[in-house]
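This report concerns only the one structure given below.
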Amino acid sequence: MSKVAIIYWSGTGNTEEMANAIADRLKEKEIDIDIYQASGFDASKLADYDGFAFGCPAMGDESLEDSEFEPMFESIEGKLEDKPTIIFGSYEWNDGQWMLDWQERCKENGINLAAEGLAVYDSPSDEDIISCQNLADSLIKML
């Protein structure tokens with residue numbers, strides 16, 4: 001059975017809701033999962049997983065959260081090239097440029113993205129939850 005780590009940071013609960021929707025879909029499809037807050041994950045755990053889901057909302061000037069998520073992600077992004085990965089998060093201002101930048105960063109670092117990053121405006125709607133499930137399905141196809 002495949003095993004996936006879902007690693008996220010959430011300030012308002014919106015990205016956490018997305019992480020839970022992805023987790024529910026993976027469990028529904030009998031994928032073994034572990035969920036981590038960003039501060040609880042590091043490179044020593046990478047070998048334990050077949051795939052990854054990273055979630056972080058847009059912060060400030062449309063960047064990743066810089067005290068917990070960014071340091072964790074920066075420390076492992078060069079070690080993800082052989083593992084299917086998805087990225088997701090929410091935003092409440094501007095146009096979601098942070099997701100496009102994060103996605104480009106992943107591609108430049110050779111990260112094996114299973115799908116385009118998913119950016120949700122504000123609190124996830126029912127339609128957004130379906131998008132989270134579809135994102136999880138994209139990851140499952142590559143495991």
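The values are calculated or read from the model by the stated rules, or taken from the named source; none is laboratory data. Predicted model only: the values in this text are computed from it and were never measured. FYI the Cβ positions are ideal-geometry reconstructions off the backbone, even for glycines, and counts take in every protein chain you see. Quick note on the areas: whole protein, heavy atoms, side chains included, nothing else; ligands and nucleic acids left out. Shrake-Rupley method; radii C 1.70, N 1.55, O 1.52, S 1.80 Å.
Counting only strands (runs of 3 or more DSSP E) that sit completely within the range 20-92, those holding 3 or more residues that are more than 18 Å from Cys106 (Cβ to Cβ) and at pLDDT 95 or above correspond to 32-37. Assess whether Asp101 counts as being of a type in the set (D, E, K, R), more than 20 Å from Asp137 (Cα to Cα), part of a loop (DSSP other than H, G, I, E, B) and without any contact (Cβ under 8 Å) to a residue 40 or more places away in the chain. Against the criterion (of a type in the set (D, E, K, R), more than 20 Å from Asp137 (Cα to Cα), part of a loop (DSSP other than H, G, I, E, B) and without any contact (Cβ under 8 Å) to a residue 40 or more places away in the chain), Asp101 does not qualify. Here Cys106 meets each of (1) surrounded by 22 or more Cβ atoms within 10 Å (Cβ to Cβ); (2) within 12 Å of the chain's Cα centre (by Cα); (3) not charged (D, E, K, R) with one exception, condition (1). A Cβ distance below 8 Å, combined with a sequence gap of six or more or placement on separate chains, defines the contacts here; from the range 34-55, residues that are β-branched (Val, Ile, Thr) reach no residue that is open to solvent by 70 Å² or more (accessible area, probe 1.4 Å). Working only within the range 119-143, note down all residues that are part of a helix (DSSP H, G or I) and open to solvent by less than 60 Å² (accessible area, probe 1.4 Å). Matches in the range 119-143: Asp128, Ile129, Ser131, Cys132, Gln133, Leu135, Ala136, Asp137, Ser138, Leu139, Ile140. Gly51 passes every criterion in (1) over 18 Å from Glu17 (Cα atoms); (2) surrounded by fewer than 16 Cβ atoms within 10 Å (Cβ to Cβ) apart from (2). Screening the candidates Ile6, Ile35 for the property of being among the hydrophobic types (A, V, I, L, M, F, W, C), open to solvent by 70 Å² or more (accessible area, probe 1.4 Å) and closer than 24 Å to Asp126 by Cα yields one hit, Ile35.
Here Met59 meets each of (1) open to solvent by 40 Å² or more (accessible area, probe 1.4 Å); (2) of a type in the set (A, V, I, L, M); (3) farther than 16 Å from Ser10 by Cβ with one exception, condition (3).
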